[in-house]
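*Asks:* Quick one: the structure is below, and I'll ask about it shortly.
Bear in mind these aren't lab numbers, they're just calculated from the coordinates by the rules spelled out. Since the structure is predicted, the reported quantities are computational estimates derived from the model, not experimental observations. Glycine also receives a Cβ, built like all others from the backbone with ideal geometry; neighbour counts cover every protein chain displayed.
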Amino acid sequence: MQFEKRDSPVGTVAVVTILTNRIEDTCDFLDVLASGASDALVLKVEHLNPAFFDLKTGIAGDMLQKVSTYGKRLLIVGDFDDVESEALRDFIRESNRTGRGVFSNSLETGIAALR
């Protein structure tokens, strides 16, 4: 995984620039979080394995749980307006409400929503 660091109102944000699309790589972000290299991690939808958005796999829940455990934040940037799954829409809405895991259409709006 490669990332670039940016300063933001919530601290240092690591914006992932390269991440392969394997399920195993989806959790590589833990190295960034555990190392203290950033306060928040930004992933783009296209960098995530599609299984992430199938809540039955548990990947999304595991990632957000680990983010919470490390006291960090996660921003996922992409188009979520046409999500068909009611469960996924609810998951996104609840995540956005807490501000620890934010799903946003833009990087700037998402960073502003992190708490």
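*Asks:* In whole Hz and in residue order, list the ³J(HN,Hα) couplings for the stretch 54-67 that follow from phi through the Karplus curve 6.51 cos²θ - 1.76 cosθ + 1.60, θ = phi - 60°; x for Gly and Pro.
*Replies:* 9, 4, 5, 6, x, 5, 4, x, 4, 4, 5, 5, 5, 4
*Asks:* Assuming 0.36 nm per residue, please report the length gained on full extension of the stretch Lys56 to Thr98 beyond their Cα-Cα distance.
*Replies:* Working: separation 42, 0.36 × 42 = 15.12 nm, distance 2.14 nm.
Contour length minus Cα-Cα distance gives 13.0 nm.
*Asks:* Got the relative contact order for the stretch 41-109 handy, in percent, Cα pairs under 8 Å and 6 or more residues apart?
*Replies:* Values: 76 pairs, mean separation 24.6, N = 69.
After rounding, I find 36 percent.
*Asks:* Please list 3J(HN,Hα) in residue order for the stretch 95-102, calculated via the Karplus relation 6.51 cos²θ - 1.76 cosθ + 1.60 where θ = phi - 60°; whole Hz, with x for glycine and proline.
*Replies:* Running phi through 6.51 cos²θ - 1.76 cosθ + 1.60 with θ = phi - 60° gives 4, 5, 5, 6, x, 7, x, 10 Hz.
*Asks:* In nm, what is the difference between 0.36 nm times the number of residues separating Arg115 and Asp90 and their Cα-Cα distance?
*Replies:* 7.1 nm is the gain from fully extending Arg115 to Asp90.
*Asks:* At a 10 Å Cβ-Cβ cut-off, how would you order Ile59, Ile76, fewest neighbours first?
*Replies:* Fewest-to-most Cβ neighbours within 10 Å comes out as Ile59, Ile76.
*Asks:* While we're here: Would you please give the residues with an amide H less than 5 Å from that of Ile76, counting only those at least 5 places away or on a separate chain, with H modeled from the backbone geometry?
*Replies:* Leu43, Val102, Phe103, Ser104
*Asks:* Here's a follow-up. I need the GluC sites (Glu not before Pro) found in the stretch 37-115, filtered to DSSP loop residues with at most 14 other beta carbons within 10 Å of theirs. The partial results should precede the final answer.
*Replies:* Numbers: sites: Glu46, Glu84, Glu86, Glu94, Glu108; in loops: Glu84.
Answer by residue number: Glu84.
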